[in-house]
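Inspection log for the structure reproduced underneath, given as structure tokens.
The values are calculated or read from the model by the stated rules, or taken from the named source; none is laboratory data. Fair warning: this is a prediction, and the values are worked out from it, not measured in the lab. Note: ideal-geometry Cβ built from the backbone for every residue, glycine included; neighbour counts use all protein chains shown. We work out accessible area using only protein heavy atoms, side chains counted, and drop any ligands, DNA or RNA first. Shrake-Rupley method; radii C 1.70, N 1.55, O 1.52, S 1.80 Å.
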Amino acid sequence: MRKLKYLDYFIAVPYLILSLFGIVMVYSASADIGSQNGGSPVSYLVKQAIYVVMGLVIVAFMLSLNINKLRNRSVLRLAGWLAFGALFLLIAMGQTINGAAGWFHLGPISIQPAEFVKFYVIIWLANAIDHRQDELQVENWWVPMWRPVLICSIIVILILVQPDMGGAAINAAIVLVMCLASGFNYRRAIVYFSGLFLFIVGIVFPIAVKFTESGKVHNYKLLRLVAFINPFEHAQTVGQQLVNSYYALSNGGIFGVGWGNSIQKTGYLPEPNTDFIMAIVAEELGLVTAFILIALLFTIIMRIVLVGIRSHSAYQSLVCYGSATYLTIQTLFNLGGVLGILPITGVTFPFISYGGSSTWTLALVMGVVLNISARQNRERQA
């Protein structure tokens, strides 16, 4: 493959390290779960290894692909129909896990369409903005862009009603950053999203607390908000994850208790191999290792931003900015939930957490970004 000659190692090497480390940590975090469920302690290890290998195949395919084929009208239309069709079907027949009907159960694996939709939003919106470059102006930005923004808003709403607040927020952030990069007035954006934030904090949170404490509402997502406000008061129910995450972080300290020696993964911390895998990493290998992993991920994100800045193509720059936003917001949401800084949203930690849908979506994004970077390297060396 000719493009391997121009491979961006600042993206590829950290990606490979994180993915391989993820396999190791998924095994450590899930061995007890497999045994407790009457299965094999290596069941999650085998699945995650398969997901990562398939992800590398996806990366290789996307790297070799002519990136302009992603802009083909027929390809984008088919992807759009699949995205909307899957999101509508989830409302009617989605499998409910942790209070959200966001999965299709296909044999031994569960597919989460909201993950793949992130990639679709990035490539579709980048193409839509690029085609309107000549019409975009700060003062009349909404005139050419109202239809793409409306379509993206519908996607976010369909994800939100599952309800998947984390997935909806990540997609909304991707749309916001890409729109800002296209010339949307940032002052208006600040006003819009500040108002939305104040609405959530000032109205939704108090209502959630009042109604759940009075027993009038028993909604899983609302209870999560209550647990975020006071986790120790709900330590035996919805606050269990956050409280045991604190115990894991405290127990691990700076250097950890040793790989495989976590206490919290043995039935105390729910979802130790997905949403809260970083708590297990910190407990077993310490805060030093956790910081190294975050630094590797930060390296990927900053490199993607740099590739976007260097690009002479608006489409390629927007794809990079959308991809960097995806990785950044997902990381912040996951770490925020683990540390109790943000409500638990159920999003995974990139490259480390168990899951086929997230692994393959990340592979799609990495493949496209590596493709763009390889094209730049080839042009510079020509």
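Screening the candidates 349, 298, 276 for the property of being farther than 30 Å from residue 374 by Cβ and either of a type in the set (Ser, Thr, Tyr) or out of contact with any strand residue (DSSP E or B) (no Cβ under 8 Å at 6 or more places or on another chain) (or both) yields one hit, 276.
Selection of segment 359-370 for residues being open to solvent by less than 10 Å² (accessible area, probe 1.4 Å) and either among the aliphatic types (A, V, I, L, M) or modelled with pLDDT under 95 (or both) yields 362, 363, 365, 366, 368, 369, 370. Checked against (1) of a type outside the set (A, V, I, L, M); (2) on the phi < 0 side of the Ramachandran plot; (3) outside any helix (DSSP H, G or I); (4) open to solvent by 10 Å² or more (accessible area, probe 1.4 Å), residue 325 passes all but a single condition, namely (3). For segment 276-297, the condition of being touching a residue at least 60 places away in the same chain (Cβ under 8 Å), assigned to a helix (DSSP H, G or I), over 15 Å from residue 249 (Cα atoms) and touching a Cys at 6+ places or on another chain (Cβ under 6 Å) holds for none of the residues. Just the residues that are closer than 28 Å to residue 118 by Cβ and among the hydrophobic types (A, V, I, L, M, F, W, C), please, taken from segment 365-382. Selection gives 365, 366, 368, 369, 370, 372, 374. Checked against (1) touching a helix residue (DSSP H, G or I) at 6+ places or on another chain (Cβ under 7 Å); (2) surrounded by fewer than 24 Cβ atoms within 10 Å (Cβ to Cβ); (3) not small (Gly, Ala, Ser), residue 352 meets all criteria but (2). From the set of residues in segment 173-184 that are closer than 22 Å to residue 350 by Cβ and of a type in the set (Gly, Ala, Ser), which is most open to solvent (accessible area, probe 1.4 Å)? The selected residue is 181. When you scan segment 329-364, how many residues do you find that are free of Cβ contacts under 8 Å to residues at least 60 places away in the same chain and over 20 Å from residue 113 (Cβ atoms)? Selection size over segment 329-364: 5. Of all residues in segment 262-282, one or more are farther than 20 Å from residue 335 by Cβ and surrounded by fewer than 15 Cβ atoms within 10 Å (Cβ to Cβ). What do you reckon, is residue 257 touching a residue at least 24 places away in the same chain (Cβ under 8 Å), over 20 Å from the mean Cα position of the chain (by Cα) and part of a loop (DSSP other than H, G, I, E, B)? Yes, satisfied. Of 20, 4, all but one fail to be open to solvent by 50 Å² or more (accessible area, probe 1.4 Å), closer than 22 Å to residue 265 by Cβ, aliphatic (A, V, I, L, M) and assigned to a helix (DSSP H, G or I); the exception is 20. Is segment 291-313 home to any residue that is open to solvent by less than 50 Å² (accessible area, probe 1.4 Å), charged (D, E, K, R) and either modelled with pLDDT under 95 or farther than 17 Å from residue 331 by Cβ (or both)? Scanning segment 291-313 turns up no residue that is open to solvent by less than 50 Å² (accessible area, probe 1.4 Å), charged (D, E, K, R) and either modelled with pLDDT under 95 or farther than 17 Å from residue 331 by Cβ (or both).
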